[in-house]
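First comes the structure, then the notes that go with it.
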Amino acid sequence: MKFGGNKTNYYSGSGGSESPTDLRSFLGEGTDINGEVKFTEIMRVDAAISGTINSDQGSLLVMERGRVKATIQAGTVEVSGIVEGTITAKNAVRIHPTGRVYGDIYTPTLIIEQGALFDGKCHMLDGKDQKKGMVEPTAGAVAKS
């Protein structure tokens with residue numbers, strides 16, 4: 001399923017050709033989800049989600065109207081809205097100027113843009129953690145924010 005006629009590259013990180021480029025899932029404003037959400041490719045969230053969000057390699061985009069209270073595991077996570085919970089990302093986490101993250105982040109790359117808010121601990125993962133796949137939130141070195 002495509003949204004619009006153009007292929008839009010939503011991921012701006014350095015993941016190379018393995019990074020998803022097509023928006024495949026969209027949870028719109030006015031939608032409330034409690035439970036487990038699994039996706040592949042890219043999922044855009046303008047909704048409220050509580051529970052868990054999982055993707056092996058996909059990119060999660062929490063937009064300005066998105067409200068997430070969840071444990072998140074994904075390839076890449078970009079936050080422009082509000083996230084409360086633990087984020088584990090294989091590739092990168094980017095918090096945009098309107099983004100608010102309350103909770104711990106486990107990732108090899110963390111980008112916090114000016115104006116963003118991050119209240120938690122960042123656990124920087126190295127190449128060994130990435131090769132094992134998704135890591136448990138007890139791995140990695142700790143960098144306090």
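The values are calculated or read from the model by the stated rules, or taken from the named source; none is laboratory data. The structure displayed is predicted, hence computed values, not measured ones. Note that each Cβ is placed from the backbone with ideal geometry, even for glycine, and that neighbours are counted across all protein chains shown.
Filter the range 50-65 down to the residues that are without any contact (Cβ under 8 Å) to a residue 24 or more places away in the chain and out of contact with any Leu (no Cβ under 7 Å at 6 or more places or on another chain) and list them by number. Give the derivation first.
Start the filter on the range 50-65 by keeping residues that are without any contact (Cβ under 8 Å) to a residue 24 or more places away in the chain, which leaves 50-55, 60, 63.
Listed by number, the residues that qualify are S50, G51, T52, N54, S55, L60, M63.
To keep it simple, each residue is scored yes or no on (1) at pLDDT 90 or above; (2) crowded, with 20+ Cβ neighbours inside 10 Å; (3) in contact with a strand residue (DSSP E or B) (Cβ under 6 Å, 6 or more places away or on another chain).
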{"site": "N9", "(1), (2), (3)": "no, no, no"}
{"site": "M43", "(1), (2), (3)": "yes, yes, yes"}
{"site": "Q57", "(1), (2), (3)": "yes, no, yes"}
{"site": "T76", "(1), (2), (3)": "yes, yes, yes"}
{"site": "A89", "(1), (2), (3)": "yes, yes, yes"}
{"site": "G99", "(1), (2), (3)": "yes, yes, yes"}
Worksheet entry | the range 83-109, subset over 11 Å from the mean Cα position of the chain (by Cα) and in a strand (DSSP E or B), residue farthest from V45 (Cα to Cα) | Y102
Discussion item. For the range 28-49, give me each residue that is under 17 Å from S80 (Cα atoms) and outside any loop (DSSP other than H, G, I, E, B).
Written reply: I42, M43, R44, V45, A48, I49
